[in-house]
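The block underneath contains the structure these notes are about, expressed in structure tokens.
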Amino acid sequence: MARVVVDVMPKQEILDPQGQAVASALPRLGFEGISEVRQGKRFELEVAADVDDETLSRIAETMLANPVIEDWTVRREEA
Amino acid sequence: MARVVVDVMPKQEILDPQGQAVASALPRLGFEGISEVRQGKRFELEVAADVDDETLSRIAETMLANPVIEDWTVRREEA
Amino acid sequence: MTVATGARIGVVTFPGTLDDVDAQRAVRRAGAEPVALWHGDHDLQGVDAVVVPGGFSYGDYLRCGAIAKYSPVMTELVLATGRGLPVLGICNGFQVLCESGLLPGALTRNAGLHYVCRDQWLRAENTTSTWSTRYEPGAEVLIPVKHGEGSYVADEDTLDELESSGRVLFRYVGGNPNGSRRDIAGITDTAGRVAGLMPHPEHAVDPLTGPTDDGLGMFLSALDALVTA
Amino acid sequence: MTHSDLPETVRPDSVEHARETPELAQPHRELGLAEDEYQRIRDILGRRPTEAELAMYSVMWSEHCSYKSSKPHLKYFGTTTTPEMRSKMLAGIGENAGVVDIGDGWAVTFKLESHNHPSYVEPYQGAATGVGGIVRDIMAMGARPVAVADPLRFGPADAPDTRRVLPGVVAGVGGYGNCLGLPNIGGEVVFDESYASNPLVNAMCVGVLPSQDLHLAHASGTGNKLVLFGARTGLDGIGGVSVLASETFEGDESGGGHKKLPSVQVGDPFTEKVLIECCRELYGAGLVLGIQDLGGAGLSCATSELASAGDGGMRVDLDEVPLRASGMNAAEILSSESQERMCAVVRPGDVEAFMKVCAKWDVPATVIGEVTDGENLEIYSGDELVVDVPPRTVAHEGPVYDRPVERPAEQDLIAADNPNTLERPETPEQLRATLLRMTASPNLASREWVTSQYDRYVRGNTVLAQPSDGGVLRVDEDSGRGIAVATDCNARYTRLDPYEGARLALAEAYRNVAVTGATPMAVTNCLNFGSPEDPGVMWQFQQAVRGLADGCVELGIPVTGGNVSFYNQTGAKPILPTPVVGVLGTIDDVTRRIPTGVGEEAGETLLLLGETGEEFGGSEWARAEHDHLGGKPPQVDLARERLLAEVLRTGSRDGMVSAAHDLSEGGLAQTLVETTLIGECGARVVLPEGADPFVWLFSESAGRVLVAVPRSEELRFTEMCVARELPCTKIGVVDAESESLEIQDVADIPLTELREAWEGTFPRLFD
Ligand SMILES: Nc1ncnc2c1ncn2[C@@H]1O[C@H](COP(=O)(O)OP(=O)(O)O)[C@@H](O)[C@H]1O
Ligand SMILES: [Mg+2]
């Protein structure tokens, strides 16, 4: 068993209204110094030992992320 | 300037319908060996050098996560 | 009121599909026979055209339409579009068609971050596609929108290409409800047979239950195409 | 201590073990059971309860599940319902939801429920699971849910916490209801200081079924199987039961009366949507003998209620329950409030077919027990018998309290604080400014910001929804038969006089159904009050129940069900007494429904039906302009409301009325603003000779409706009113050419200015 983390973030050129909403709310709440916020998704998968990296990246690419609008990274975490 | 990442995940005992939906779709697509999926959020913040850890953790707790149902972690990334 | 034309139009149901009953009603009202298509079947039952209706397929928890694209019925649908089958994706159906690669681009969270249900003015931009011949060029129609993730995005080249080849089907007028690029409400594929749009023409087929009957034209257009084909 | 710290091999506290250790100390107080209640359980069982039994009794005997403080009062609904009122009722108080026969073989079921406290703790999930819960109640009647409505109440609109709670609640109601494919066809949004830490999130669901398909929750027939289906059971919402394992104490909405830590549940609307379709198919195939939803108190409630309402015993095997978390103990499994689950009683020969339907919809389903010829509910965990109880003692024979009732002395002071001494606007300029300020005040401003987050179109049968007084749905596409619903309550009136206030709430909901052209026929309610341990609150409750019940007798329509939510208070300060009333009506032909906005027909006359008096007690004017609450609420004449409904019905049937909108908070001024803005059409109003414009524009006298009548029908309509002795005053004309609301000698306000005032408020506050 391994823990795999897939991070999916909106591409830089894609508008991210959720991140923007957070960024513009921060100063109102008295938090200064945050110039940009982007919001994406984090997936944590419990994966059998025999699942290889290639399979994981196919899962990320075809299912967890939409390559038209999102970038992703896959990494195995230490147990 | 520093890049700060805040990961927000549903608490273990809380139902995670999103992760569940992914987990049950994977075998249908022919991906075997994934026993659990949890879906959370990932925030990337651009932060001025003088923003301290305590402030960041207050931001995470009050704005980015809902402590009633979510856990979170804050970490600074290397530039 | 309904004129039987003999045409059969399939309406797909995924788990979580909501507007399938409405799409079936619209098909019937336009004079065709609605045929229910189940997501789990590798079978289009020989229909002449297909509507992929709105809703929240599989809860839309991952990304709208992301899981539905893998259904057996979608495999068949993708193959059939290659043979020229007309397909209309409405709302969640539009999202499914984009996720499946039948239409370019993607639909993202509304700019206002809220789900929006309202009666929306649209301008008919393309009136030659299978689904839009009944509209006058530039005609303005009133049709409901109801979605949380309807902001159409694509890269600039794709947007330019859509514009220059006349593949923008409808555009929002009198206010853009979701921040969609270039006010795009719906598009078609290059052949004009596969169309997707966020507004709900099936909820504008009878002024009793919708704001107008302006949406009926889409179904009638397809019938015209089928009957003359 | 978290759950995972529990050793997995702990031997469950069995019945046998309980017999062997009669004096073992048990945390009954922490679970909210009083000393005498605990003793009563020991007497019933002839021994100490097991952990699992204690968990069951404590949740089922909580105020929320047992109605122990309200029961003696709620009986009044039953004793006042006449056989004639009952004649259309297929199921009433005591079932999951009331059911009425609307004709042509159709029955309609509807119910209101509260999810107040959870929505304060976690607005989105609290509201979402509130919708989920009421929808399952309706499914448990064998019906297809067809619509929801959401009466909501919050603290002051500009309070920071309201900015947290309201957007979350609205998103939660929408997030869940939209995903289920249920049109939202009504509700309320009300602001008042008293709801500041006690928002009220009430939700209504309406369902439709062929009358012969009615399913009541009972388990009978020895050998029949008990099937649990839907989501798996997890540790969410375990309420007070965690006290059994640790000192950590988490509570539910109204447990023992003291505020406890939250136990938040997350809703999965997709699973519920699939469950709806799955149930429809199961009912259609005749595979269900009895059914119960799992709501508050989870399996404890479902198994004991099913068994209690049946004629035998029941045996349940907890090892069969599909779990989401490992190592849950018996008490936790029994008390889990995991959402999106149902429990059905199925003939053994039908189990296979039942499972097949569930598989088609990907709904997990498991046989967890069966009906026995014994008398007790027996629950096993492994080989150990952990529950062995007479089910009625859990579900239906809980404690009942006759709480002290006392009219607070301050009621007289409030009544004496007459609003007629407040300073009034006099000049036309003052009247104009008052009208615009009131239009923009949070309690009167447009709710579009809220309602646009709700799908009102899905399923294609919505004939009227926001911003109409009542929602109207088509039930039968061939005949055009339909229903109308509305929910209402002005809690300021109820504060001034709970008896009259409840009748006013009933009158308003009744009138809001009637203005659509429908015939009101049945009532549900959600009674939101402070602590029942406060004699003054109990007095409010008793008076409100009596007012509502007596009012129903006068109107000739029955109360078919409802819900009580107590302990809505902060410290010693209760919320305004808030008995929300829902009324259901029928309409033979939905194409005859009366819209709200004027201007449908060219040249309409505006007629005001009813009488206007000088009534400002509890009015919106007194609040918005003077922050005043005192005096008497408006008088209510229910015979007049009946007459009004008859006139409207005739007007709709004979095509004499082209628009109608009732008068409520804000009075005639507000009704004129709304009807012109909704119709996008101006009007010219001339108040009767000698009328005091302030009183005519802002008084809140009950029993009034503004109708627009095509000029060609004016004579016929007014003659009908005269013949029936319904006061009818011509107050103006609709003017398609005009783009303003002109009130002669008072003000001429462009619609654009009115619209800015009316529509600007919510976006300004909540975006
Ligand atoms: N929370 C809500 N959900 C859905 N509809 C709502 C809600 N609040 C208000 N509405 C709708 O907005 C309209 C105006 O509400 P309101 O002024 O309270 O009506 P009324 O005074 O006739 O009861 C009505 O159609 C009502 O059903
Ligand atoms: Mg009203």
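Summing +1 for each Lys or Arg and -1 for each Asp or Glu among the other residues whose beta-carbon sits under 12 angstrom from that of D:Ala149 gives -2. What shape does the protein assembly as shown take by its C-alpha gyration tensor, where a ≥ b ≥ c are the square roots of the eigenvalues and a/c under 1.5 counts as rounded, a/b above b/c as prolate, and the rest as oblate? Cα axes put the protein assembly as shown in the rounded bin.
This model, with +1 at the C-beta of Lys and Arg and -1 at the C-beta of Asp and Glu, gives the range A:2-77 a dipole about its Cα centre of some 320 debye.
Taking neighbour counts of Cβ atoms within 10 Å as a proxy for exposure, in what order, fewest first, do A:Met1, C:Met198, B:Met9 appear? The partial results should precede the final answer.
Details: A:Met1 10, C:Met198 33, B:Met9 21.
In order of increasing Cβ crowding within 10 Å: A:Met1, B:Met9, C:Met198.
List, in the order given, every pair from D:Lys88/D:Lys111; D:Lys111/D:Lys360; B:Lys41/C:Lys146; D:Lys273/D:Lys360; D:Lys225/D:Lys273; D:Lys225/D:Lys356 whose Cα-Cα distance in the structure shown is over 19 Å. Distance filter (> 19 Å) returns D:Lys111/D:Lys360; B:Lys41/C:Lys146; D:Lys225/D:Lys273. Listed by Cβ neighbour count within 10 Å, with the fewest neighbours leading, D:Trp758, D:Trp61 appear as D:Trp758, D:Trp61. Here the Debye sum runs over all C-alpha atoms of the range D:59-199 as equal scatterers in vacuum, and log10 of I(q)/I(0) at q = 0.21 Å⁻¹ comes out as -1.27.
Sparse packing (at most 11 other Cβ atoms within 10 Å of the Cβ) combined with a DSSP loop state is found for the following GluC sites (Glu not before Pro) in the range D:711-767: D:Glu725, D:Glu737. Take C:175-185, D:499-509, C:14-24 and order them by the average number of nearby Cβ atoms within 10 Å per residue, most first; the result is D:499-509, C:14-24, C:175-185. Summing charges over neighbours of C:Val35, with a neighbour being any other residue whose Cβ is under 15 Å away from its Cβ, gives -3 when K and R count +1 and D and E count -1.
What does the net charge come to around D:Val580 if you take all other residues with beta carbon closer than 13 Å to its beta carbon, with K and R at +1 and D and E at -1? Could you put the intermediate results ahead of the total?
Numbers: positive: D:Lys111, D:Arg153; negative: D:Glu113, D:Asp150, D:Glu188, D:Asp488, D:Glu508.
After counting each charged neighbour, the total is -3.
Compute for the range A:2-77: radius of gyration divided by Kirkwood radius, i.e. Rg/Rh, restricted to C-alpha atoms, rounded to two decimals.
Numbers: Rg = 15.6 Å, Rh = 14.0 Å.
Reported Rg/Rh (Cα atoms, Kirkwood Rh): 1.11.
What is the ratio of the Cα radius of gyration of chain D to 2.2 N^0.38 Å, with N the residue count, to two decimals? Before the final figure, lay out each step's value.
On the way: Rg = 26.6 Å, N = 767, 2.2 N^0.38 = 27.5 Å.
After normalising by residue count via 2.2 N^0.38 Å, the value is 0.97.
Roughly how many Å is it from the Cα centre of the range B:53-78 to that of the range D:592-632, as a whole number? Measuring centre to centre over Cα atoms gives 49 Å.
So what is the orientation-averaged projected area of the range C:8-228, using the convex hull of its C-alpha atoms, in nm²?
Numbers: hull surface 42.1 nm².
About 10.5 nm², averaged over all directions.
For a straight C-alpha distance cut-off of 22 angstrom, the lysines reachable from D:Lys632 (same-chain residues fewer than eight places away being disregarded) are D:Lys573.
Considering every residue in B:23-33, what mean count of other chain Cβ atoms within 10 Å of its Cβ is obtained? Numbers along the way, then the final one.
Working: counts 2, 3, 9, 6, 0, 5, 7, 3, 8, 4, 10.
The mean count of partner-chain Cβ atoms within 10 Å per residue comes to 5.
Every read-out reported here was derived from the displayed coordinates using simple, explicitly stated rules and does not represent laboratory data. All values reported here derive from a predicted model rather than from experimental measurement. Glycine gets a Cβ as well: all are built from the backbone with ideal geometry, and neighbour counts include every protein chain shown.
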